[in-house]
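Asker: Before anything else, here's the structure in question.
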Amino acid sequence: MNFIKAFFIPQKMKRFRFMTIFIAIAIFVISVYLLRVPYQVITKNSKPELVQQDILRVLAFDELDDAGFDFAPIKSAQYRVVNGSLTCDFEDEDTYRLYTATDTLNDRSIRITFVFDPHNNIAEQLEELGTQYRSIYNIEDNADAVTLERIGIIEKLAFVEKQADPLLDVPAFFATKHDLTDDALREEGNAISRFSYFGITPVSTQDDYVLIFTEKYIEYQIPLYSVDLELLTPQQTLATVTYTSFMDFDVGTMDTISDFGQKFASNILDLYIEYSTVQYTLQAILIIIFYPALIVIIMWLFFRRNGYLKTFKEYYNIAAISSVIPTLITFVILWFLPTMITLYGLILSVFYIFMLYRINLSPIDPEEVKEVKESTDQLKQLTH
(Lines give C-alpha, C1' and ligand atoms only; values in the text may rest on other atoms or scores of the structure.)
Protein backbone atom coordinates (compact mmCIF):
# COMPACT_ATOMS: atom_id res chain seq x y z
CA MET A 1 0.00 0.00 0.00
CA ASN A 2 2.85 2.41 0.79
CA PHE A 3 4.27 1.68 -2.65
CA ILE A 4 0.99 2.69 -4.32
CA LYS A 5 0.72 5.80 -2.15
CA ALA A 6 4.12 6.88 -3.50
CA PHE A 7 2.47 7.71 -6.83
CA PHE A 8 0.04 10.14 -5.15
CA ILE A 9 1.59 11.47 -1.96
CA PRO A 10 4.66 13.75 -2.18
CA GLN A 11 6.03 12.61 1.17
CA LYS A 12 6.02 9.02 -0.05
CA MET A 13 7.17 9.83 -3.58
CA LYS A 14 10.34 11.64 -2.61
CA ARG A 15 11.97 8.49 -1.29
CA PHE A 16 12.46 7.38 -4.90
CA ARG A 17 14.68 10.34 -5.73
CA PHE A 18 17.85 8.24 -5.25
CA MET A 19 16.83 5.25 -7.42
CA THR A 20 18.94 4.43 -10.46
CA ILE A 21 18.15 6.71 -13.37
CA PHE A 22 17.86 3.71 -15.69
CA ILE A 23 14.61 2.77 -13.97
CA ALA A 24 13.33 6.29 -14.57
CA ILE A 25 14.21 6.06 -18.26
CA ALA A 26 12.53 2.65 -18.45
CA ILE A 27 9.31 4.13 -17.03
CA PHE A 28 9.17 6.72 -19.80
CA VAL A 29 9.99 4.14 -22.50
CA ILE A 30 7.27 1.79 -21.24
CA SER A 31 4.85 4.72 -21.30
CA VAL A 32 5.56 5.23 -25.01
CA TYR A 33 4.63 1.64 -25.80
CA LEU A 34 1.58 1.76 -23.54
CA LEU A 35 0.17 5.00 -24.94
CA ARG A 36 0.47 3.89 -28.57
CA VAL A 37 -1.73 0.83 -27.95
CA PRO A 38 -5.11 2.65 -28.11
CA TYR A 39 -4.14 4.38 -31.37
CA GLN A 40 -2.93 1.12 -32.92
CA VAL A 41 -6.03 -0.85 -31.97
CA ILE A 42 -8.55 1.85 -32.89
CA THR A 43 -6.87 2.68 -36.21
CA LYS A 44 -6.59 -0.97 -37.21
CA ASN A 45 -10.26 -1.57 -36.40
CA SER A 46 -11.31 1.53 -38.33
CA LYS A 47 -10.35 0.22 -41.80
CA PRO A 48 -13.99 -0.05 -42.97
CA GLU A 49 -14.59 3.58 -41.95
CA LEU A 50 -11.37 4.68 -43.67
CA VAL A 51 -12.56 2.99 -46.87
CA GLN A 52 -15.91 4.78 -46.74
CA GLN A 53 -14.13 8.08 -46.06
CA ASP A 54 -12.26 7.38 -49.31
CA ILE A 55 -8.86 7.82 -47.69
CA LEU A 56 -6.24 7.76 -50.48
CA ARG A 57 -9.14 7.33 -52.94
CA VAL A 58 -9.41 3.58 -52.29
CA LEU A 59 -13.23 3.42 -52.32
CA ALA A 60 -13.32 2.91 -56.10
CA PHE A 61 -11.13 -0.20 -55.71
CA ASP A 62 -12.98 -1.58 -52.70
CA GLU A 63 -16.33 -1.38 -54.49
CA LEU A 64 -15.07 -2.22 -57.99
CA ASP A 65 -17.53 -4.55 -59.72
CA ASP A 66 -16.96 -5.02 -63.44
CA ALA A 67 -18.96 -8.12 -64.34
CA GLY A 68 -17.54 -8.18 -67.86
CA PHE A 69 -13.90 -8.06 -66.82
CA ASP A 70 -11.92 -11.19 -67.70
CA PHE A 71 -9.75 -11.87 -64.67
CA ALA A 72 -8.31 -15.13 -66.05
CA PRO A 73 -5.21 -13.57 -67.72
CA ILE A 74 -4.23 -11.84 -64.47
CA LYS A 75 -4.83 -14.94 -62.38
CA SER A 76 -2.91 -17.17 -64.79
CA ALA A 77 0.11 -14.84 -64.57
CA GLN A 78 0.27 -15.56 -60.81
CA TYR A 79 1.39 -12.09 -59.74
CA ARG A 80 2.41 -12.11 -56.09
CA VAL A 81 4.58 -10.11 -53.73
CA VAL A 82 7.32 -12.20 -52.15
CA ASN A 83 9.95 -10.67 -49.84
CA GLY A 84 9.27 -7.19 -51.11
CA SER A 85 9.33 -8.05 -54.83
CA LEU A 86 6.64 -8.74 -57.43
CA THR A 87 7.04 -12.09 -59.14
CA CYS A 88 5.06 -13.80 -61.92
CA ASP A 89 4.97 -17.00 -63.92
CA PHE A 90 6.11 -15.62 -67.27
CA GLU A 91 9.49 -14.59 -68.61
CA ASP A 92 10.41 -11.09 -69.73
CA GLU A 93 8.42 -10.25 -72.86
CA ASP A 94 10.04 -6.83 -73.38
CA THR A 95 6.71 -5.19 -72.66
CA TYR A 96 4.15 -4.68 -69.94
CA ARG A 97 0.61 -6.07 -69.69
CA LEU A 98 -2.32 -3.67 -69.43
CA TYR A 99 -5.94 -4.24 -68.43
CA THR A 100 -8.85 -1.83 -67.99
CA ALA A 101 -11.85 -2.17 -65.67
CA THR A 102 -14.86 0.15 -65.58
CA ASP A 103 -17.57 0.77 -63.03
CA THR A 104 -19.88 3.45 -61.62
CA LEU A 105 -19.52 4.94 -58.16
CA ASN A 106 -21.78 7.64 -56.74
CA ASP A 107 -23.20 8.26 -60.23
CA ARG A 108 -19.71 8.83 -61.68
CA SER A 109 -17.99 6.66 -64.25
CA ILE A 110 -14.85 4.92 -63.00
CA ARG A 111 -12.04 3.66 -65.23
CA ILE A 112 -9.11 1.83 -63.68
CA THR A 113 -6.07 0.87 -65.74
CA PHE A 114 -3.98 -1.96 -64.32
CA VAL A 115 -0.43 -2.25 -65.65
CA PHE A 116 1.80 -5.16 -64.70
CA ASP A 117 5.48 -4.58 -65.34
CA PRO A 118 7.32 -7.10 -63.12
CA HIS A 119 10.37 -7.06 -65.42
CA ASN A 120 10.62 -3.23 -65.33
CA ASN A 121 10.23 -2.76 -69.07
CA ILE A 122 8.92 0.80 -68.70
CA ALA A 123 11.95 1.81 -66.64
CA GLU A 124 14.26 0.08 -69.14
CA GLN A 125 12.67 1.90 -72.09
CA LEU A 126 13.02 5.22 -70.28
CA GLU A 127 16.65 4.46 -69.52
CA GLU A 128 17.33 3.52 -73.15
CA LEU A 129 15.85 6.81 -74.33
CA GLY A 130 17.98 8.68 -71.80
CA THR A 131 21.09 6.83 -72.94
CA GLN A 132 20.31 7.62 -76.56
CA TYR A 133 19.89 11.31 -75.72
CA ARG A 134 23.19 11.37 -73.81
CA SER A 135 24.96 9.74 -76.75
CA ILE A 136 23.60 12.20 -79.32
CA TYR A 137 24.56 15.25 -77.24
CA ASN A 138 27.74 13.83 -75.65
CA ILE A 139 26.54 14.16 -72.06
CA GLU A 140 28.67 12.45 -69.42
CA ASP A 141 27.25 10.44 -66.53
CA ASN A 142 28.68 12.94 -64.04
CA ALA A 143 26.73 15.86 -65.51
CA ASP A 144 25.37 18.56 -63.20
CA ALA A 145 21.98 18.24 -61.51
CA VAL A 146 20.17 20.58 -63.92
CA THR A 147 21.36 18.57 -66.94
CA LEU A 148 20.34 15.30 -65.31
CA GLU A 149 16.91 16.78 -64.57
CA ARG A 150 16.54 17.80 -68.22
CA ILE A 151 17.47 14.27 -69.36
CA GLY A 152 14.85 12.79 -67.04
CA ILE A 153 12.15 15.07 -68.43
CA ILE A 154 13.11 14.58 -72.09
CA GLU A 155 13.18 10.78 -71.80
CA LYS A 156 9.67 10.83 -70.31
CA LEU A 157 8.38 13.13 -73.04
CA ALA A 158 9.93 10.86 -75.67
CA PHE A 159 8.44 7.77 -74.04
CA VAL A 160 4.95 9.29 -74.12
CA GLU A 161 5.32 10.29 -77.76
CA LYS A 162 6.67 6.88 -78.72
CA GLN A 163 3.73 5.12 -77.08
CA ALA A 164 1.43 7.17 -79.32
CA ASP A 165 3.66 6.75 -82.39
CA PRO A 166 5.90 3.66 -82.38
CA LEU A 167 7.59 4.95 -85.55
CA LEU A 168 8.58 8.23 -83.90
CA ASP A 169 11.81 9.80 -85.18
CA VAL A 170 13.41 9.92 -81.75
CA PRO A 171 16.53 12.01 -82.63
CA ALA A 172 14.32 14.60 -84.35
CA PHE A 173 12.07 14.67 -81.30
CA PHE A 174 15.09 15.16 -79.04
CA ALA A 175 16.12 18.12 -81.19
CA THR A 176 12.76 19.85 -80.60
CA LYS A 177 13.26 19.60 -76.84
CA HIS A 178 17.01 20.10 -76.54
CA ASP A 179 16.94 23.85 -77.11
CA LEU A 180 14.01 24.56 -74.76
CA THR A 181 14.78 26.65 -71.71
CA ASP A 182 14.87 24.91 -68.34
CA ASP A 183 11.58 26.51 -67.30
CA ALA A 184 9.81 25.63 -70.56
CA LEU A 185 11.04 22.04 -70.42
CA ARG A 186 10.11 21.74 -66.76
CA GLU A 187 6.60 23.00 -67.53
CA GLU A 188 6.15 20.30 -70.16
CA GLY A 189 7.52 17.69 -67.77
CA ASN A 190 5.18 18.71 -64.99
CA ALA A 191 2.21 18.09 -67.29
CA ILE A 192 3.15 14.41 -67.68
CA SER A 193 1.15 11.97 -65.60
CA ARG A 194 1.11 8.20 -65.58
CA PHE A 195 -2.06 8.54 -67.65
CA SER A 196 0.15 10.09 -70.35
CA TYR A 197 2.25 6.91 -70.45
CA PHE A 198 -0.72 4.95 -71.79
CA GLY A 199 -2.50 7.54 -73.90
CA ILE A 200 -5.26 8.13 -71.35
CA THR A 201 -6.86 11.58 -71.37
CA PRO A 202 -8.59 12.26 -68.02
CA VAL A 203 -11.82 14.26 -68.11
CA SER A 204 -13.78 15.94 -65.32
CA THR A 205 -16.84 13.73 -65.93
CA GLN A 206 -14.97 10.49 -65.16
CA ASP A 207 -12.60 9.28 -62.46
CA ASP A 208 -9.49 7.67 -63.93
CA TYR A 209 -6.98 5.61 -61.97
CA VAL A 210 -3.73 3.98 -63.02
CA LEU A 211 -1.88 1.26 -61.11
CA ILE A 212 1.57 0.29 -62.34
CA PHE A 213 2.94 -2.81 -60.63
CA THR A 214 6.71 -2.91 -61.10
CA GLU A 215 9.19 -5.30 -59.54
CA LYS A 216 9.78 -3.25 -56.37
CA TYR A 217 6.92 -0.79 -56.07
CA ILE A 218 3.48 0.35 -57.23
CA GLU A 219 2.92 3.68 -58.93
CA TYR A 220 -0.55 4.84 -57.98
CA GLN A 221 -2.09 7.70 -59.97
CA ILE A 222 -5.50 8.86 -58.75
CA PRO A 223 -7.90 11.16 -60.65
CA LEU A 224 -6.52 14.53 -61.72
CA TYR A 225 -9.81 16.08 -60.65
CA SER A 226 -10.67 16.39 -56.98
CA VAL A 227 -14.10 15.54 -55.55
CA ASP A 228 -14.92 19.23 -56.10
CA LEU A 229 -13.80 18.89 -59.75
CA GLU A 230 -10.76 21.05 -59.15
CA LEU A 231 -7.92 20.25 -61.56
CA LEU A 232 -4.88 18.96 -59.69
CA THR A 233 -1.32 18.50 -60.89
CA PRO A 234 0.01 15.03 -61.72
CA GLN A 235 2.51 15.37 -58.88
CA GLN A 236 -0.30 15.94 -56.36
CA THR A 237 -2.08 12.78 -57.41
CA LEU A 238 0.82 10.35 -57.79
CA ALA A 239 2.13 8.09 -55.05
CA THR A 240 4.83 5.44 -55.07
CA VAL A 241 4.13 2.52 -52.76
CA THR A 242 7.08 0.27 -52.00
CA TYR A 243 6.32 -3.39 -51.40
CA THR A 244 6.87 -4.43 -47.80
CA SER A 245 7.51 -7.81 -46.25
CA PHE A 246 4.07 -7.82 -44.57
CA MET A 247 2.17 -6.98 -47.77
CA ASP A 248 -0.31 -9.76 -48.51
CA PHE A 249 -0.77 -9.75 -52.29
CA ASP A 250 -1.23 -12.90 -54.37
CA VAL A 251 -3.63 -13.05 -57.33
CA GLY A 252 -3.72 -16.82 -56.92
CA THR A 253 -6.04 -16.28 -53.95
CA MET A 254 -8.39 -14.08 -56.03
CA ASP A 255 -11.10 -15.02 -58.50
CA THR A 256 -12.52 -11.72 -59.70
CA ILE A 257 -11.46 -8.14 -60.29
CA SER A 258 -13.57 -7.28 -57.23
CA ASP A 259 -11.34 -9.49 -55.07
CA PHE A 260 -8.33 -7.80 -56.61
CA GLY A 261 -9.67 -4.29 -55.91
CA GLN A 262 -10.58 -5.09 -52.31
CA LYS A 263 -7.18 -6.61 -51.63
CA PHE A 264 -5.42 -3.62 -53.14
CA ALA A 265 -7.52 -1.20 -51.04
CA SER A 266 -6.77 -3.25 -47.92
CA ASN A 267 -3.02 -3.26 -48.63
CA ILE A 268 -2.93 0.46 -49.27
CA LEU A 269 -4.75 1.15 -46.01
CA ASP A 270 -2.44 -1.22 -44.14
CA LEU A 271 0.49 0.84 -45.37
CA TYR A 272 -1.35 4.05 -44.46
CA ILE A 273 -2.03 2.74 -40.95
CA GLU A 274 1.58 1.58 -40.58
CA TYR A 275 2.86 4.98 -41.67
CA SER A 276 0.46 6.89 -39.42
CA THR A 277 1.40 4.64 -36.48
CA VAL A 278 5.08 5.39 -37.04
CA GLN A 279 4.29 9.11 -37.12
CA TYR A 280 2.22 8.75 -33.98
CA THR A 281 5.04 6.88 -32.25
CA LEU A 282 7.52 9.62 -33.12
CA GLN A 283 5.10 12.16 -31.67
CA ALA A 284 4.73 10.00 -28.56
CA ILE A 285 8.52 9.81 -28.14
CA LEU A 286 8.75 13.59 -28.41
CA ILE A 287 5.99 14.18 -25.85
CA ILE A 288 6.74 11.33 -23.43
CA ILE A 289 10.55 11.21 -23.43
CA PHE A 290 11.93 14.56 -24.60
CA TYR A 291 9.28 16.93 -23.25
CA PRO A 292 9.60 15.67 -19.63
CA ALA A 293 13.39 15.93 -19.91
CA LEU A 294 12.99 19.60 -20.91
CA ILE A 295 10.64 20.26 -17.98
CA VAL A 296 13.07 18.53 -15.61
CA ILE A 297 15.98 20.69 -16.83
CA ILE A 298 13.96 23.86 -16.29
CA MET A 299 12.80 22.84 -12.81
CA TRP A 300 16.29 21.71 -11.83
CA LEU A 301 17.89 24.99 -12.95
CA PHE A 302 15.31 27.05 -11.08
CA PHE A 303 15.11 25.16 -7.79
CA ARG A 304 18.30 23.16 -7.30
CA ARG A 305 19.86 25.71 -4.90
CA ASN A 306 16.94 26.36 -2.61
CA GLY A 307 14.76 23.28 -2.99
CA TYR A 308 14.71 20.00 -1.13
CA LEU A 309 15.92 18.21 -4.29
CA LYS A 310 19.43 19.09 -5.46
CA THR A 311 20.69 16.97 -8.34
CA PHE A 312 19.35 16.50 -11.85
CA LYS A 313 18.98 12.79 -11.14
CA GLU A 314 16.63 13.52 -8.24
CA TYR A 315 14.45 15.80 -10.36
CA TYR A 316 14.39 13.29 -13.22
CA ASN A 317 13.52 10.37 -10.94
CA ILE A 318 10.64 12.28 -9.38
CA ALA A 319 9.43 13.18 -12.87
CA ALA A 320 9.42 9.48 -13.80
CA ILE A 321 7.42 8.51 -10.73
CA SER A 322 5.10 11.49 -11.26
CA SER A 323 4.47 10.31 -14.83
CA VAL A 324 2.79 7.07 -13.79
CA ILE A 325 -0.58 8.65 -12.92
CA PRO A 326 -0.63 10.94 -16.02
CA THR A 327 0.21 7.88 -18.13
CA LEU A 328 -2.72 5.90 -16.76
CA ILE A 329 -5.12 8.84 -17.12
CA THR A 330 -3.98 9.51 -20.68
CA PHE A 331 -4.22 5.80 -21.53
CA VAL A 332 -7.92 5.82 -20.60
CA ILE A 333 -8.61 9.06 -22.49
CA LEU A 334 -6.89 7.81 -25.65
CA TRP A 335 -9.46 5.03 -26.03
CA PHE A 336 -12.01 7.78 -26.64
CA LEU A 337 -9.75 10.42 -28.22
CA PRO A 338 -6.88 8.40 -29.80
CA THR A 339 -5.06 11.38 -31.31
CA MET A 340 -4.97 13.49 -28.15
CA ILE A 341 -1.65 12.23 -26.84
CA THR A 342 -0.61 15.85 -26.20
CA LEU A 343 -2.84 15.67 -23.12
CA TYR A 344 -0.08 13.60 -21.53
CA GLY A 345 2.29 16.57 -21.55
CA LEU A 346 -0.30 18.88 -20.01
CA ILE A 347 -1.32 16.45 -17.27
CA LEU A 348 2.28 15.55 -16.47
CA SER A 349 3.36 19.20 -16.27
CA VAL A 350 0.64 20.09 -13.78
CA PHE A 351 1.08 16.94 -11.69
CA TYR A 352 4.90 17.08 -11.67
CA ILE A 353 5.09 20.77 -10.72
CA PHE A 354 2.59 20.20 -7.93
CA MET A 355 4.62 17.27 -6.60
CA LEU A 356 7.86 19.26 -6.78
CA TYR A 357 6.25 22.13 -4.92
CA ARG A 358 5.13 19.86 -2.08
CA ILE A 359 8.41 17.90 -1.97
CA ASN A 360 10.57 21.05 -1.90
CA LEU A 361 8.58 22.30 1.09
CA SER A 362 8.83 19.04 3.00
CA PRO A 363 11.31 18.43 5.87
CA ILE A 364 14.04 15.81 5.61
CA ASP A 365 13.06 12.46 7.07
CA PRO A 366 16.09 10.40 8.23
CA GLU A 367 14.16 7.17 7.70
CA GLU A 368 13.72 7.90 3.99
CA VAL A 369 17.30 7.07 3.15
CA LYS A 370 16.88 3.61 4.69
CA GLU A 371 13.84 2.97 2.51
CA VAL A 372 15.52 3.86 -0.79
CA LYS A 373 17.01 0.44 -1.48
CA GLU A 374 13.74 -1.33 -0.69
CA SER A 375 11.78 1.00 -2.97
CA THR A 376 14.30 0.66 -5.80
CA ASP A 377 14.10 -3.14 -5.62
CA GLN A 378 10.30 -2.97 -5.87
CA LEU A 379 10.51 -0.82 -9.00
CA LYS A 380 13.04 -3.16 -10.57
CA GLN A 381 10.61 -6.04 -10.11
CA LEU A 382 7.84 -4.05 -11.82
CA THR A 383 10.00 -3.28 -14.86
CA HIS A 384 11.12 -6.89 -15.42
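The values are calculated or read from the model by the stated rules, or taken from the named source; none is laboratory data. Just so it is clear, the structure is predicted and the values come from calculations on it, not from any experiment. In this analysis, Cβ positions are derived from the backbone assuming ideal geometry, glycine residues included, and neighbour counts consider all displayed protein chains.
Asker: Given the criteria touching a Phe, Trp or Tyr at 6+ places or on another chain (Cβ under 8 Å), closer than 27 Å to residue 187 by Cβ and free of Cβ contacts under 8 Å to residues at least 24 places away in the same chain, does residue 139 qualify? Show your work before the answer.
Answerer: Values: touching a Phe, Trp or Tyr at 6+ places or on another chain (Cβ under 8 Å): yes; closer than 27 Å to residue 187 by Cβ: yes; free of Cβ contacts under 8 Å to residues at least 24 places away in the same chain: yes.
Answer is yes for this residue.
Asker: Identify the single condition in (1) without any contact (Cβ under 8 Å) to a residue 60 or more places away in the chain; (2) touching a helix residue (DSSP H, G or I) at 6+ places or on another chain (Cβ under 7 Å) that residue 336 does not satisfy, given that it satisfies every other one.
Answerer: Every listed condition holds for residue 336 apart from (2).
Asker: Which pairs have Cβ atoms under 6 Å, sit 6 or more apart or on different chains, and link a residue in the range 271-283 that is farther than 21 Å from residue 218 by Cβ to one that is surrounded by 14 or more Cβ atoms within 10 Å (Cβ to Cβ)?
Answerer: Taking only residues 6 or more apart or on different chains, the pairs are 280/39; 281/36.
Asker: Another question about this same structure. Restricting the range 227-247 to residues that are within 19 Å of residue 214 (Cβ to Cβ) and surrounded by 12 or more Cβ atoms within 10 Å (Cβ to Cβ), which is farthest from the chain's Cα centre (by Cα)?
Answerer: Taking the candidates together, the pick is 234.
Asker: Among the residues in the range 319-327, are any part of a helix (DSSP H, G or I), within 30 Å of residue 241 (Cβ to Cβ), modelled with pLDDT of 95 or more and among the hydroxyl-bearing types (Ser, Thr, Tyr)?
Answerer: No, that holds for no residue.
Asker: Could you list all residues from the range 124-133 that are surrounded by fewer than 19 Cβ atoms within 10 Å (Cβ to Cβ), touching an Asp or Glu at 6+ places or on another chain (Cβ under 8 Å) and not charged (D, E, K, R)?
Answerer: Within the range 124-133, 126 is the sole residue that qualifies.
Asker: Here is a check on your reading of the model: is residue 244 β-branched (Val, Ile, Thr) and not in a helix (DSSP H, G or I)? Can you show your working first?
Answerer: Working: β-branched (Val, Ile, Thr): yes; not in a helix (DSSP H, G or I): yes.
Judged against the criteria, residue 244 is a match.
Asker: Whether any residue in the range 302-314 is assigned to a helix (DSSP H, G or I) and out of contact with any helix residue (DSSP H, G or I) (no Cβ under 9 Å at 6 or more places or on another chain) is what I want to check.
Answerer: yes
Asker: Continuing with the same structure: Take the conditions out of contact with any Asp or Glu (no Cβ under 7 Å at 6 or more places or on another chain) and more than 30 Å from residue 80 (Cβ to Cβ) and apply them to residue 217. Does it pass? So that I can check it myself, show each step before the final result.
Answerer: Details: out of contact with any Asp or Glu (no Cβ under 7 Å at 6 or more places or on another chain): yes; more than 30 Å from residue 80 (Cβ to Cβ): no.
The answer is no for residue 217.
Asker: For the range 62-84, indicate whether the set of residues that are touching a residue at least 60 places away in the same chain (Cβ under 8 Å), within 30 Å of residue 205 (Cα to Cα) and among the small types (Gly, Ala, Ser) is non-empty.
Answerer: No: zero hits.
Asker: Right, another one. Checking residue 354 against (1) closer than 15 Å to residue 30 by Cβ; (2) at pLDDT 60 or above; (3) not aliphatic (A, V, I, L, M), which single condition isn't satisfied?
Answerer: (1)
Asker: Within the range 234-245, which residues are of a type in the set (A, V, I, L, M, F, W, C) and in contact (Cβ under 8 Å) with a residue 40 or more places away in the chain?
Answerer: Matches in the range 234-245: 238, 239.
Asker: So how many residues does the range 191-233 have that are more than 20 Å from residue 247 (Cα to Cα) and either in contact (Cβ under 8 Å) with a residue 60 or more places away in the chain or not acidic (Asp, Glu) (or both)?
Answerer: Within the range 191-233, residues that are more than 20 Å from residue 247 (Cα to Cα) and either in contact (Cβ under 8 Å) with a residue 60 or more places away in the chain or not acidic (Asp, Glu) (or both) number 29.
Asker: Would you kindly identify the helices (runs of 4 or more DSSP H) lying entirely within the range 69-186 that contain at least 3 residues that are small (Gly, Ala, Ser)?
Answerer: Of the helices (runs of 4 or more DSSP H) lying wholly inside the range 69-186, those with at least 3 residues that are small (Gly, Ala, Ser) span 72-77, 121-136, 145-164.
Asker: Report, by residue number, each residue of the range 31-68 that is in a helix (DSSP H, G or I), touching a Ser or Thr at 6+ places or on another chain (Cβ under 8 Å) and not charged (D, E, K, R).
Answerer: Answer for the range 31-68, where residues must be in a helix (DSSP H, G or I), touching a Ser or Thr at 6+ places or on another chain (Cβ under 8 Å) and not charged (D, E, K, R): 31, 32, 34, 35, 39, 40, 43.
Asker: Which of the residues that make up the range 89-110 are buried (at least 19 other Cβ atoms within 10 Å of the Cβ) and either of a type in the set (Asp, Glu) or farther than 14 Å from residue 70 by Cβ (or both)?
Answerer: Correct list: 96, 103, 110.
Asker: Quick check on my filter: what residues within the range 260-270 are surrounded by fewer than 19 Cβ atoms within 10 Å (Cβ to Cβ) and either within 30 Å of residue 344 (Cβ to Cβ) or without any contact (Cβ under 8 Å) to a residue 12 or more places away in the chain (or both)?
Answerer: 270
Asker: So residue 114 clears everything in (1) of a type in the set (Phe, Trp, Tyr); (2) under 18 Å from residue 241 (Cβ atoms); (3) surrounded by fewer than 20 Cβ atoms within 10 Å (Cβ to Cβ) except one condition, right? Which one?
Answerer: The number of the failed condition is (3).
Asker: Would you pick out the residues in the range 102-142 that are of a type in the set (A, V, I, L, M) and touching a Leu at 6+ places or on another chain (Cβ under 6 Å)?
Answerer: Within the range 102-142, just 115 meets the criteria.
Asker: Looking at the range 222-252 only, could you name the residues that are among the hydroxyl-bearing types (Ser, Thr, Tyr) and at pLDDT 90 or above?
Answerer: 225, 233, 237, 240, 242, 243
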